[in-house]
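Asker: Below is the structure I would like to discuss, written out as structure tokens.
The values are calculated or read from the model by the stated rules, or taken from the named source; none is laboratory data. Note that the structure is predicted; figures quoted are calculated from it, not measured. So basically every Cβ, Gly included, is an ideal-geometry build from the backbone, and we count neighbours across all protein chains shown.
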Amino acid sequence: MTEQGGPDLSALLAQERRARLAAERLLEHKSKELFSANRQLSEHARKLSDEVVVKSAEAQTYRTEAEELKGENTQVRADLQKANKQADKAERRLWEALETIQDGFAVFNARNQLVIANRAYMAMFDGLECIRPGATYQDILEVVVEEGLVDIGFEDPSAWQARMAGRWQQDRIEPLTVKLWDERYVKFLDRRARDGDMVSLALNITETIRYEEKLKEERTRAESASRAKSAFLANMSHEIRTPMNGVIGMADLLCDTDLTEEQRLFAETIRGSGETLLVIINDVLDYSKIEAEKLTLQPEPFDLERTITEVLLLLKPSVQGKGIELMLDFDMFLPTRYVGDPGRIRQILTNLLGNAVKFTTEGHVMIRVTGIGSDDGADQQRLHITVEDTGIGIPDDKVDHIFGEFNQVEDERNRKFEGTGLGLAITQKLVALMGGEIWVDSVEGEGSCFGFRITLPLDEGTDTPAPLHSTDLRTALVIDAQDINRMILDRQLSMMGLRVTARRSAEDALADPPNSFDLIISDHKPPGTDGLALAQALRDRGERGPILLLCSEPGQLDSDPRMQGVTAILQKPLLRRDLFQKIGDLGVTLPAETPLPEPPAPEPPAQADRLRVLAAEDNRTNQLVFRKMVQDLAIDLQFANNGHEAVTAFQDFHPHMIFMDISMPEMDGKEATRKIREIEADTGAPRTPICALTAHAMAGDADEILAAGIDHYLTKPLRKAAICGKIEELAPVGLSVTAG
Ligand code: ADP
């Protein structure tokens, strides 16, 4: 190009080239940017499409789940419907059950408003409109009182309501029984549930209450019948004993007169039968008393060994003529004095020993007393007492039976013997009353052993009879055919420090060299001879020591000239105390506790007054019996036919003592005694001893009689010895009652 148009063009071209280059650079730059943007865009697009895939997969899952849930929901709804149906059914059943039961059922909410109640519950309110769900317990209580639906007795209505409301506040609500207007009895059992609801059950116990009332009525009737029975027995006792007094008393007197042998047999039979009858009456009475729980024990201090000996002595007549030996083995180391009811213990012993003697024809009857260790302390003693016999025994299958009332062994051998069959029943009850037990071991044909165990308090200050330790006597010879007797004597004498040689017979004893023994004790009937002959034989051969004879009937020997050879008689059965005493008397130092001899009786005054005795007795026969019984005494006797006469005679006759029958017409013995005691108090006269003559033998009578002011009492039938003994006992000192 020329310069003519020149420079502007090249500049233009350069400018254009620069612009083009710049444009190309820009383009290149922009296309890079576009490329990068495109790449990002496609990356986004890929990501987006990935997300879309995921989301659509999720959406599919949700759709599926939603479908499933829909299905489940339908199932749940169906289940719910079913459950509702079942709940309805259960509720219906429950209500039907609640409506069927006779007892009331109600539920109250925590605000004590009635929520539901069955018909039986509502029926208590006799259809009252106001008692319906929503009513409060307080409303119900008010309505109940206002309408008289419940028998509230004499209680103040508001007090009753307060009591009932208070009861519901308790943590443990006690059952409550109320009587309704329609004579029904309802027992409320209320319980507060955990959510505060109160569930109330109203049980209809009308039948139970009626039954209880009936039982109560019947018990009252039975008790009054039992009281009537006891009263009847007491009267019977009186009615029977009064004529028995005449029968036995007269027979007793008759026996004392001159009689032919036949007449004596008759009189003694009357007396014996009368006494047997009395034993039976006493048994029946005792049994009834124990049954009626009227028998109470009367404990007092007594000597058990002496009591047993007395029972044995009483049984002697029944043993006479039989070849039976009565023996007592009282534990050497056992105290003899206890506190118990001696009368009842005597009765137990008499029953057991009496049976043993009755059912034994030969051999022995032995009573053995031992002590057994006890946990009851030092002031009590457990006693083990057995009565062993060699009699007919008891068959095994009858052993339990015999303790029942009126039960006896019914066989040929047994029924030869008399008895009521009450003895063992009474004995068992008495032992039980004393807190003890009784048993029997027996072998038929060989013998029986009855045993009982009782625990008795020791009599204070008691000590075991102390044997003396002899200084003079060293050796003793015992002669007795019975092994047991020899053994007992051996033990007793050994305790005194004596060396004992025991021989069975006189022959054996005489075989010993003379004068080998310091003391000889023999049974009064050793085999082959008799005791007196043996004593004689021993003396004849030069025996110088004391000879003691053991004898059941000492009186029989008194008149025998051969008694000279005998130093002393020992009464069988032998009391330990007596043996120790007797040997002590042979010249050994006496033990410290031996009682001092009685002081000599004062000389009777020279001009003794005669003893005046007043006897108040309405029954003529008994008056006659009384008169005859005391006829040998030097007394002035006056009778009163009733209480009035007794009071008058007391003032006119000034008796030294009064025998007072208790049941007399017009004024009885207790009343008369009270009057006499009043007169004495008014006049300052000394107290006249009054002894009741009572036919009543029921427990408790004695207390009542003594409370009337009577000092002593004798039970009918009267015995001559008892009456005469009492007169002598009550006679003022110095006034002799013996005739002549
Ligand atoms: P009872 O002697 O009056 O018949 P118990 O109740 O004393 O009445 O005795 C009941 C029965 O027990 C007697 O009849 C007798 O069969 C039997 N029995 C009691 N003691 C003995 C005994 N020692 N030996 C044999 N049998 C006895």
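Asker: Which one of these is buried (at least 18 other Cβ atoms within 10 Å of the Cβ), on the phi > 0 side of the Ramachandran plot and modelled with pLDDT of 85 or more: Gly423, Gly363, Gly393, Gly435?
Answerer: The match here is Gly393.
Asker: Among all residue pairs at least 6 apart or on different chains, which show Cβ distances below 8 Å where the first residue, located in segment 476-489, is within 11 Å of Leu519 (Cα to Cα) and the second is part of a helix (DSSP H, G or I) and among the aliphatic types (A, V, I, L, M)?
Answerer: Every condition considered, the pairs that remain are Ala476/Leu493; Leu477/Ala509; Val478/Leu489; Val478/Leu493.
Asker: Same structure again: Find the residue count for segment 92-147, including only residues that are at positive phi and either modelled with pLDDT of 90 or more or touching a Pro at 6+ places or on another chain (Cβ under 7 Å) (or both).
Answerer: 2
Asker: Look through Ser200, Ser158 and report the one residue that is in contact with an Asp or Glu (Cβ under 7 Å, 6 or more places away or on another chain) and at pLDDT 90 or above.
Answerer: Ser200
Asker: Name the residue, out of Ile710, Ile676, Ile727, Ile658, that is of a type in the set (A, V, I, L, M), at pLDDT 85 or above and closer than 30 Å to Glu291 by Cα.
Answerer: From the options Ile710, Ile676, Ile727, Ile658, the qualifying one is Ile710.
Asker: Right, next: Quick test of your reading of the structure: Ala193 fulfils all but one of (1) small (Gly, Ala, Ser); (2) buried (at least 16 other Cβ atoms within 10 Å of the Cβ); (3) modelled with pLDDT under 90. Name the failing condition by number.
Answerer: Every condition holds for Ala193 apart from (2).
Asker: Return yes when Gly371 is farther than 17 Å from Asp331 by Cα and either of a type in the set (Gly, Ala, Ser) or within 12 Å of the ligand (Cβ to nearest atom) (or both) and no when it is not.
Answerer: No; evaluated as a whole, the condition is false for this residue.
Asker: For a quick check of your reading of the model, give me the residue pairs whose first member lies in segment 421-441 and is within 13 Å of the ligand (Cβ to nearest atom), whose second is in a helix (DSSP H, G or I) and among the basic types (Lys, Arg), with beta-carbon atoms closer than 6 Å and at least 6 apart or on different chains.
Answerer: Short answer, once both residue conditions are applied: Leu430/Arg344.
Asker: In addition: Within the group Leu489, Leu549, which residue is surrounded by 15 or more Cβ atoms within 10 Å (Cβ to Cβ), out of contact with any Pro (no Cβ under 8 Å at 6 or more places or on another chain) and not in a helix (DSSP H, G or I)?
Answerer: Leu549
Asker: Somewhere in segment 99-106, is a residue in a helix (DSSP H, G or I) and under 30 Å from Trp168 (Cα atoms)?
Answerer: Yes, some residue in segment 99-106 is in a helix (DSSP H, G or I) and under 30 Å from Trp168 (Cα atoms).
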